[in-house]
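Q: Below: one structure in structure tokens.
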Amino acid sequence: WPDALAAFNYSPPDVDTVPGSVFLTPYPNPFILDQHNNIYLPFKLNQSSSAELRIFSITGRLIKKEERIGLLLPGRYTDEDPQSLNAAFIWDGKNDDGDDVGSGVYYCLLLTHGAGNDLIKIAVVR
């Protein structure tokens, strides 16, 4: 039986409530190669760090890797202009060899140095 008094007096354990660096909602998702030029992968950093995007196939094969050179300040990186200081990661649906990828689900990994990591899924449709 539930213990109402224990539930009333319950206090959650102390945890760090500061969220790590995260991807924001990617768009367009699904990424339709015949209709869209790029998929934008905006992200948010909670502290100064470098950032790297890695895209993997569902089988775990590395498809694309992009690094942001230098230290990025905390904030939201959402701009669609690749020359902007606050540019989102932008992917054109090609692998590192310049070939179009096939239809399927891809995993996008945001790597930082000490500011937290994040993982999202995107769909690519040919």
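Bear in mind that the values in this text are calculations on the coordinates, not laboratory data. In this text, all values refer to a predicted model and were calculated from it rather than measured experimentally. Glycine also receives a Cβ, built like all others from the backbone with ideal geometry; neighbour counts cover every protein chain displayed.
Q: How far is the Cα center of the range 54-78 from the Cα center of the range 80-95, in Å?
A: About 10 Å separates the Cα centre of the range 54-78 from the one of the range 80-95.
Q: Could you work out [θ]222 nm for the chain from helices alone, using -39500 (n - 2.57) per DSSP H run of at least four and dividing by all its residues? Round to the nearest 500 deg cm²/dmol. Write down the numbers at each step before the final one.
A: Numbers: 1 runs with 5 residues, N = 126.
One gets -1000 deg cm²/dmol as the mean residue ellipticity at 222 nm.
Q: Calculate the FRET efficiency for residue 94 and residue 27 from the Cβ-Cβ distance with a Förster distance of 25 Å, rounded to the nearest 0.05.
A: Values: r = 18 Å, r/R0 = 0.73.
Here the calculated transfer efficiency is 0.85.
Q: Checking the a/c ratio against 1.5 first, then a/b against b/c, what shape does the Cα gyration tensor give for the range 33-83? Don't jump to the answer; show the numbers that get you there.
A: Working: a/c = 2.38, a/b = 1.39, b/c = 1.72.
Cα axes put the range 33-83 in the oblate bin.
Q: Shifting gears a bit: By how many nm would the segment from residue 126 to residue 52 lengthen if fully extended, with 0.36 nm per residue of separation less the alpha-carbon distance?
A: Values: separation 74, 0.36 × 74 = 26.64 nm, distance 2.59 nm.
Here the answer is 24.0 nm.
Q: Assuming a viscosity of 0.692 mPa s and a temperature of 37 °C, what translational diffusion coefficient in µm² per second does Stokes-Einstein assign to the chain, Rh being the Kirkwood radius over Cα pairs?
A: Working: Rh = 16.2 Å.
Taking Rh from Cα pairs, D becomes 203 µm²/s.
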